[in-house]
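Below: one structure, written as structure tokens.
What follows is calculated from the coordinates using simple rules that are stated; it is not laboratory data. Values in this document were obtained by computation on a predicted structure and should not be read as measured data. Cβ placement follows ideal geometry from the backbone for every residue including glycine, while neighbour counts extend to all protein chains displayed.
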2 protein chains.
Amino acid sequence: MNRTANDAGLPMVESRHIDRQAYPSGVAYMDGQYLPMSEAKISILDWGFLHSDATYDTVHVWNGRFFRLDLHLDRFFGSVEKLRMTLPFDRNQVAEILHNCTVLSGHRAAYVEMICTRGVSPTFSRDPRDAVNRFMAFAIPFGSVANKEQMQRGLNIAISDKVRIPPSSVDPAIKNYHWLDLVRGLFDGYDRNAETALLVDINGNVAEGPGFNVFAVKEGRLTTPASGVLPGITRRTVFDLCQRLGLSVAATDVSTAALREADEVFITSTAGGIMPVTTIDGGKVGDGRVGPVTTQLTELYWQMHEDPEWSTPVRYPARAG
Amino acid sequence: MNRTANDAGLPMVESRHIDRQAYPSGVAYMDGQYLPMSEAKISILDWGFLHSDATYDTVHVWNGRFFRLDLHLDRFFGSVEKLRMTLPFDRNQVAEILHNCTVLSGHRAAYVEMICTRGVSPTFSRDPRDAVNRFMAFAIPFGSVANKEQMQRGLNIAISDKVRIPPSSVDPAIKNYHWLDLVRGLFDGYDRNAETALLVDINGNVAEGPGFNVFAVKEGRLTTPASGVLPGITRRTVFDLCQRLGLSVAATDVSTAALREADEVFITSTAGGIMPVTTIDGGKVGDGRVGPVTTQLTELYWQMHEDPEWSTPVRYPARAG
């Protein structure tokens, strides 16, 4: 598995790592440097990897504008503080780095992530207080949970019996990378011929899925799980949109039965916005077609991406003549 | 925060990442290459980082011998299978890579870790089935939860009210990097002037701490939490040692009260072996000194490191004359 290069029959230690994996196009920021994505790497000794001791947030850029950047920055700085990490940058500096990554990537539809890891300590001490926290960010092409076809016909999802990691273990308001429950739930979904999955909370009510919150619409009223879920910014945006549209919406317990019996179901994520669900565990949601409330919210959601109240332009340089 | 290098006032994109962080001395294996630790890095896009979608195991080398390598390989291959990952190597090849990392590092007391991450897909698809799984390994100097002074006087620990991620969310038999509950529990411990911490399970009984299991000794009988904990190899070794010594040991519920009222308490980890605890939440355990059962087990534990039944020699090359 390696060329032999010395008398003892041992492989040689190379001076530089060569990685033949292809990565999406984009630009990252780490350690004071802007880098192509293929160069954006962290040590396998960083506690952000070895203990998933990290937090992050992801904002998207659509048609050259950041969407609700302030809310993402608020949540990110809140998560960093709760994990007792310190950032070497203030809010404006982080915003500038995100902006620079986006401009340098050239993407006008981008997925822009900011990360703070615990880092490592120079002595490799196991005490997290000794570690030097590390900030990084990157901009890559925008991605969505649902593809175009799924947006039109609605997603086919399964409800897994995997329990989303409870708030008594990990505060979901700290946006985190603890996804093994979600990944295993996703495999449960695939095993049942679904395209994605929802997990339940510790009481057996609906919680959330891999990277998204969920809403049910019944007789014109919207509900979404209240606790044990990431307070998603797209979820929050649905509350704001409902207020504008005069729709009733509440965060409460949502049973798996209530979800199956809803008139409409949709999921929400920065990665895709508002996305319809028309099949749950093999059964149709309502009449099995994307419903009018979902459609109305989705249209207003995308319209708001041009509204200066909720979006800020990326300052791309003028193109050379 | 970066030198400006073009007309638009934008920072320059560098072609290579420069990382000024110091890392411990050691050798890693990745992508067919043996590398110094400072070169062992993974993409920040690897799902092993972004979703902590990874599993691992850590074996130690003591006085030039691997300790219970077979048990660590068994657990690692079991974890990989449960996460539906595939390794490009069989058991003997993984053992050979661990051996090579250790020999090339030169360490005779080493902490040797094997890792499998979900990897990334060439299209950056969100579907974990599309990702190319990645194996890596490294050998760095041996580290311990307890330092020499703590081994002599016993650790001072606190019991946090943080709940260890329950098995209904993440199967603890899949050794994983989901440590935010443990890290936050550790900070609870520091806040109460303790040196480390134990978490409770969902029923309020004692679970485990950051990287270790726990045992109580009461009237000559040993108990350790039965469920919701990593089935540690050092924990298993204590069961084996008890059998040799004719001591009674059982995996069962251990209440926080039972732990506080124990005659002796110790923790177990590959990182340090069997380590005494003499203070819990500010109160003495027993008479506040390291007890005879803990001492007897610790001595036999280290003796067994020379026994060919439980250890295998690292084949270091002969030193040049």
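Out of A:Ser25, A:Ser15, A:Ser105, any idea which swings most in a Gaussian network model of chain A, alpha carbons joined below 10 Å?
With Cα springs under 10 Å in chain A, the top fluctuation among A:Ser25, A:Ser15, A:Ser105 is at A:Ser15.
Might you report the magnitude of the Cβ-based charge dipole of the protein assembly as shown about its Cα centre, with Lys and Arg at +1 and Asp and Glu at -1, to the nearest 20 debye?
So the dipole magnitude of the protein assembly as shown works out to roughly 740 debye.
Find the percent of Cα-Cα distances in chain B that exceed 36 Å, and round it to a whole number.
Counting pairs separated by more than 36 Å, the tail of P(r) holds 25 percent.
How far apart, in nm, are two points set 7 Å out from the Cα along the Cα-to-Cβ line at A:Ala226 and at A:Gln93?
Taking the simple label geometry, A:Ala226 and A:Gln93 are separated by 4.1 nm.
What list of ³J(HN,Hα) couplings, whole Hz, do you get for region A:30-37 from phi and the Karplus terms 6.51, -1.76, 1.60, once you set θ to phi - 60° and write x for glycine and proline?
For region A:30-37, the Karplus-derived couplings read 8, 6, x, 10, 8, 9, x, 3 Hz, x marking Gly and Pro.
For chain B, what is the mean residue ellipticity at 222 nm derived from helices alone (per DSSP H run of n ≥ 4: -39500 (n - 2.57); sum divided by total residues; nearest 500 deg cm²/dmol)?
Mean residue ellipticity at 222 nm (helix-derived): -7500 deg cm²/dmol.
Mind putting together the pair-distance distribution for region B:162-285? All Cα pairs, 10 Å bins, whole percent per bin, short to long.
13, 48, 33, 5
Can you compute the modelled spin-label distance between B:Trp62 and A:Thr295, with each label point 7 Å from Cα toward Cβ, in nm?
Spacing of the two 7 Å Cα→Cβ label points: 6.9 nm.
Can you work out the FRET efficiency for the pair A:Asp191 and A:Lys284, with r the C-beta to C-beta distance and R0 = 25 Å, to the nearest 0.05?
Calculated value: 0.75.
From the phi angles alone, apply the Karplus equation (6.51, -1.76, 1.60; θ = phi - 60°) to region B:159-166 and give each ³J(HN,Hα) in whole Hz, x where the residue is Gly or Pro.
Computed from phi, the couplings for region B:159-166 are 9, 7, 8, 5, 9, 4, 3, x Hz.
For the protein assembly as shown, report the convex hull volume of the alpha-carbon atoms normalised per residue, in Å³, without decimals.
Enclosed volume per residue, from the Cα hull, is 163 Å³.
Please go through the residue pairs A:Lys162/B:Lys175; B:Lys41/B:Lys175; A:Lys162/A:Lys284; A:Lys41/B:Lys162; A:Lys218/B:Lys162 and name each one whose alpha carbons sit more than 26 Å apart in this structure.
A:Lys41/B:Lys162; A:Lys218/B:Lys162
With all distinct Cα pairs included, what does the Kirkwood hydrodynamic radius of region A:216-283 come out to in Å, to one decimal, could you say?
12.5
How many nanometers, to one decimal and shortest first, lie between the label point of B:Tyr316 and those of its other copies, if labels sit 7 Å from Cα toward Cβ?
6.0
Would you mind checking the tilt of helix B:180-191 against the longest principal axis of the Cα atoms of chain B, expressed as 0 to 90 degrees and rounded to 10?
Tilt of helix B:180-191: around 60 degrees.
Placing +1 at every Lys and Arg Cβ and -1 at every Asp and Glu Cβ, with all other atoms neutral, what dipole size does region B:148-306 have around its Cα centre, in debye to the nearest 20?
140
What are the ³J(HN,Hα) couplings of region B:10-26, residue after residue, when phi is run through the Karplus curve with 6.51, -1.76, 1.60 and θ = phi - 60°? Round to Hz, x for glycine and proline.
8, x, 8, 8, 7, 7, 9, 6, 10, 10, 8, 5, 8, 10, x, 6, x
Return the Cα extents of region A:59-114 along principal axes one, two and three, sorted largest first, each rounded to a whole Å.
Sorted largest first, the three principal extents are 35, 18, 14 Å.
Taking the alpha-carbon distance from A:Lys82 and a cut-off under 15 Å, which aspartates and glutamates remain once sequence neighbours fewer than 8 residues away in the same chain are dropped?
Result set, ordered by chain and number: A:Asp53, A:Asp57, A:Asp74, A:Asp171, B:Asp181, B:Asp188, B:Asp191.
Quick check: the angle from helix B:91-105's long axis to the longest principal axis of chain B, C-alpha only, nearest 10 degrees?
With rounding to tens, the tilt is 90 degrees.
If Lys and Arg each add +1 and Asp and Glu each add -1, what is the summed charge of the other residues whose beta carbon sits under 14 Å from the beta carbon of A:Val145?
Charge balance near A:Val145 sits at -1.
Over region A:2-141, what per residue volume does the convex hull of the Cα atoms give, in whole Å³?
127
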